[in-house]
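K.L.:
Questions regarding the structure given below will be posed in turn.
The values are calculated or read from the model by the stated rules, or taken from the named source; none is laboratory data. As the structure is a computational prediction, the values presented were derived from the model and not from experiment. Glycine also receives a Cβ, built like all others from the backbone with ideal geometry; neighbour counts cover every protein chain displayed.
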Amino acid sequence: MEPAGMDYFCEQVQQKDVGRRMQVGQELLEYLGDPARSPDLEQDQQRLDKVIDELTAWVNSSNFKVRL
């Protein structure tokens, strides 16, 4: 199933489960790497900002796999 877009990622990046974070991280990279799959990216700046804020917390995570 294809991710719904920024709504999906905004919700998913808040997950605390390390395995889920790893999966969502890969999905997000694929989503952002394909402009055809992410047409809503520029239209929803507020949601994108929220996703980036959550990813910042991932960088500060004590789990090195999530941090990468």
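K.L.:
Looking only at the stretch 16-29, which residues are within 14 Å of Ile52 (Cα to Cα) and out of contact with any Phe, Trp or Tyr (no Cβ under 9 Å at 6 or more places or on another chain)?
P.N.:
The answer is Leu29, and nothing else.
K.L.:
Continuing with this model, one more query. Test Arg37 against the criterion of being touching an Asp or Glu at 6+ places or on another chain (Cβ under 8 Å) and either aliphatic (A, V, I, L, M) or part of a helix (DSSP H, G or I) (or both), and give yes or no.
P.N.:
Criteria not met by Arg37.
K.L.:
Looking only at the stretch 14-33, filter to residues that are modelled with pLDDT of 85 or more and assigned to a loop (DSSP other than H, G, I, E, B); which one of those is surrounded by the fewest Cβ atoms within 10 Å (Cβ to Cβ)?
P.N.:
By that ranking, first place goes to Asp17.
Listed here are the residues, each with its yes/no results for (1) in contact (Cβ under 8 Å) with a residue 40 or more places away in the chain; (2) farther than 24 Å from Phe64 by Cβ.
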{"position": "Gly5", "(1), (2)": "no, yes"}
{"position": "Glu11", "(1), (2)": "no, yes"}
{"position": "Gly19", "(1), (2)": "no, no"}
{"position": "Leu28", "(1), (2)": "no, no"}
{"position": "Tyr31", "(1), (2)": "no, no"}
{"position": "Ala36", "(1), (2)": "no, yes"}
{"position": "Arg47", "(1), (2)": "yes, yes"}
{"position": "Lys50", "(1), (2)": "yes, yes"}
